[in-house]
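Working notes, structure below.
The values are calculated or read from the model by the stated rules, or taken from the named source; none is laboratory data. Quick caveat: nothing in here was measured; it's all calculated off a predicted structure. Counting neighbours? That spans all protein chains shown, and the Cβs are built from the backbone with ideal geometry, glycine included.
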Amino acid sequence: MFTLPRNPATIVTVEDNALVRSALTNSLRAAGFLVHEAASARELKCVTREKPDLIVLNVQLPDGNGVDVCRSIKADRDTASSLVLLISGESLQSSDRIRGLETGADGFLAKPVTPDEVVAHVKAMLRFRHNEKQYHLLTESIPHFVWMTRADGQAEYANSRWFEYTGLPSSESHGLGWLQQIHPSDRTKARKTWENAVATGLPYEVEYRLRRADGNYRSHLAKGLPIRDERGQIVKWIGTCTDIHAQKTAEAELRLRDRALQAVSEGILITDPCQIDNPIIYASPGFEKLTGYSTEESIGRNCRFLQGRDTSPEAIAELREAIRSARPANVELLNYRKDGTPIWISLSISPIRNEEGEVTHFVGVQSDITERRLMEQQLRQSQKMEAVGRLAGGIAHDFNNLLTVINGYGEMLLNRLGVNDPVRESVSEMNKAGERAAALTRQLLAFSRKQVLAPSILDLNSVVIDLEKMLRRVIGEDIRLATDLQSPLDAVKVDRGQMEQVLLNLAVNARDAMPRGGQLSLKTRNVELDDAYARDHPYTQPGAYVALVVSDTGHGMTSEVKARIFEPFFTTKGPGMGTGLGLATVYGIVKQSGGYIEVFSEPGSGATFEIYLPRAARAIRSSKSQSGAMRSPPQGSETILLVEDDDAVRSLSRLILRQSGYTVLEARTAQEARDAACRRAEPIQLLVTDVVMPELGGRELTERLLVVHPEMRVLFVSGYTDDAVVRHGISEEEVNFLQKPFTPLALASKVREILDSVPAS
Ligand code: ADP
């Protein structure tokens, strides 16, 4: 450790002449120094143990030459740092003076010299030493490793930081020893930079990792400067080596955080609530991607620019309150992209606090939840449709029984009235109203998907072609009908009658949307709905489909109308113009057929309905004609077991069947039916049973009765069916089925048709 000279400085006067010595000693003491005396070289040895700051040494001593004594002082570790002022004899040559200085003396005076002159010289030498030590101390106090090299680049000095850093003595840094402590990967760079600096004489900077005492490497910044003499020659290099590991690590961490911010797809915002209007001061690339607004467009603005017409004021109020009270908050809100498209955002904001706990900023993380919201909305919509469907199905069930009775007796009454009977017209009007009510009930059933379908494998093109003529009549002359049918078209398994209903309903709507004419286009295509489509359209299964596309050039619809068109009873048409059941029916039929429907429409640019029906695996069978209903009720004499829980419907059915000549056994419940069947020993040719009954479904009842009367044929009657019945195969083609409400003629004809057909083996 270096210290400034003690005060007063210690001086030894070495002079054999006692008079001269004491004169000198007195002068030095008078100047404030602590002075020891020695009369010879031997005596000097005794006092140098005190480590004097300066030795005034006479060249001629009785026991030796002062020059040699000086050399040994400088060679001795204990005294090497003492300054030596040589005082020569009068006869001294200048060559002797040079020799004296070269031995390491720090000053030289030639006799004759006065004591005051010596004192002045001593003071000057100590002043110089003082300055030198000050710089040394400064070097030691610097918290960096400081070094010095010779002009040729060989290190010769290192401050004690070298030891603190590396745990090695400073001598290990000497020469090019310092290079050994540098990380092997950085060593070549460090060496080349240093050699280049030495070769060019230019200051330099270089970073490298230095091995520290604990064996770990830490990053350091080394800087070097050349020191030049008065002729401009480099005599030394001095430099520092600073530990920049913490700074480098912090920089690397910052860079990592920055890269992480760049990488996340969520939008990250930082706002400054201390500025007016809490402006954005940082927007991540994720935010740019999410919103379409660039960083430059966003910085300095309040987030308000992302909000719009349908953004919930409650969500905004919640955010404002959180910011006001420096709390975190999570909200879902509707924002708008730069191109105007709405985007649902889940936004979480949190306050950022400084060391004092004061809120300086807010950070917000935004994620796109549009898809989730859309799915939730679709789920809510389908749940609503399901509920309305169940309600409609229930109503239709009751109505069908009532209408069977009203229409049945109405038709029977009409048949009894003579052509000129005065009440005939009234009864006829009543019957027509009953038929219209029955048609409405059918639509309700179709929507509620509770109707019994008779699906068959068919070619949609044939449905379109067969219906074309009728469609032309429906749409009128001002509207052109264009068809574009792909051939061959894959088969689908649907109810032909229901598909005709779909086409008809869509055509009627298209006509209503084009009061001044236009074009109705029908297109069929084989399509493959891939995974990407299924992802974009929740509830859609990827696979092969047949698409039926119906588009018009009409007035189109707003998004509000579009959102509600499939709801039953939703109509924008004037009173008496629309029932609001057309598209609900279409929706129900398509859904029940396992398909999907999509609508594209904008106000003023027409509407397009795309219906996707799953491709059927089986080949198309030519469907047999359903026509051929007979004019007058066909007669018979067989025995029929009639099972119906509704008394009015049962009475009517019994009447129709008895009038047609049959023997009718009646049952109100399954139990009564079983009793009647057991009582009857003779054959029962036909069972006419309702599908849905309180105790036992028509299907189970049939199975049990067939055990007793295996000869019995079966006709199912229903105005309504639940999913279980459809699942259990009542809807299959081979089953005989009559839809309620039925007319007397329809029942009599169907009964005859079954009794006359060849029984399935
Ligand atoms: P309705 O035709 O009895 O009104 P729908 O269920 O068939 O009932 O249609 C519901 C509503 O959907 C219509 O009132 C109409 O506003 C709209 N709509 C249906 N089809 C079209 C179309 N092709 N162009 C424009 N709007 C349509």
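Here are the numbers for this structure:
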item	result
Selection count, region 254-313, where residues are charged (D, E, K, R), crowded, with 17+ Cβ neighbours inside 10 Å and part of a helix (DSSP H, G or I)	1
Those residues of region 690-713 which are within 17 Å of L747 (Cα to Cα) and modelled with pLDDT of 90 or more, in sequence order	R713
Whichever residue in region 163-179 is surrounded by 13 or more Cβ atoms within 10 Å (Cβ to Cβ) and of a type in the set (S, T, N, Q) and, among such residues, is nearest to the chain's Cα centre (by Cα)	T166
Pair list, Cβ under 8 Å, 6 or more apart: region 575-595 residue under 27 Å from I457 (Cβ atoms), other residue near the ligand (Cβ under 7 Å from one of its atoms) and of a type in the set (V, I, T)	G582/V508; L583/I565
Of residues in region 40-57 being touching a Ser or Thr at 6+ places or on another chain (Cβ under 8 Å) and under 19 Å from L109 (Cα atoms), the one surrounded by the fewest Cβ atoms within 10 Å (Cβ to Cβ)	D53
Checking G518 against (1) on the phi < 0 side of the Ramachandran plot; (2) within 16 Å of the ligand (Cβ to nearest atom); (3) surrounded by 14 or more Cβ atoms within 10 Å (Cβ to Cβ), the condition it does not meet	(1)
Pair list, Cβ under 6 Å, 6 or more apart: region 481-504 residue touching a residue at least 60 places away in the same chain (Cβ under 8 Å) and buried (at least 16 other Cβ atoms within 10 Å of the Cβ), other residue part of a strand (DSSP E or B) and of a type in the set (D, E, K, R)	D490/R615
Residue in region 557-564 that is touching a residue at least 12 places away in the same chain (Cβ under 8 Å), away from the ligand (no atom under 16 Å from the Cβ) and of a type in the set (S, T, Y) present	no
In region 540-556, the residues that are in a loop (DSSP other than H, G, I, E, B) and either near the ligand (Cβ under 8 Å from one of its atoms) or touching a Cys at 6+ places or on another chain (Cβ under 8 Å) (or both)	G554, H555, G556
Flag for D512 being at pLDDT 85 or above, surrounded by fewer than 20 Cβ atoms within 10 Å (Cβ to Cβ) and assigned to a strand (DSSP E or B)	no
Pairs with Cβ under 6 Å, 6+ apart, first in region 532-556 and touching a residue at least 40 places away in the same chain (Cβ under 8 Å), second of a type in the set (S, T, Y) and not in a loop (DSSP other than H, G, I, E, B)	T540/Y596; Y545/Y612; A547/Y612; L548/T524; S551/S521; S551/T608; G556/S601
Helices (runs of 4 or more DSSP H) contained entirely in region 647-712, each with at least 1 residues that are within 60 Å of the chain's Cα centre (by Cα)	670-679, 698-708
Residue within region 236-252 that is part of a strand (DSSP E or B) and touching an Asp or Glu at 6+ places or on another chain (Cβ under 9 Å) present	yes
Residues of region 29-39 classified as surrounded by 17 or more Cβ atoms within 10 Å (Cβ to Cβ) and either at pLDDT below 90 or touching a Pro at 6+ places or on another chain (Cβ under 8 Å) (or both), total	3
When residues of region 193-235 are limited to those that are assigned to a loop (DSSP other than H, G, I, E, B) and closer than 16 Å to S173 by Cβ, the one nearest to the chain's Cα centre (by Cα)	R212
Flag for V206 being without any contact (Cβ under 8 Å) to a residue 40 or more places away in the chain and surrounded by 18 or more Cβ atoms within 10 Å (Cβ to Cβ)	yes
Total residues in region 565-610, condition within 8 Å of the ligand (Cβ to nearest atom), part of a loop (DSSP other than H, G, I, E, B), touching a Gly at 6+ places or on another chain (Cβ under 8 Å) and at pLDDT 90 or above	2
Strands (runs of 3 or more DSSP E) enclosed by region 326-424 - at least 2 residues per element that are in contact (Cβ under 8 Å) with a residue 24 or more places away in the chain and surrounded by fewer than 18 Cβ atoms within 10 Å (Cβ to Cβ)	342-353, 359-368
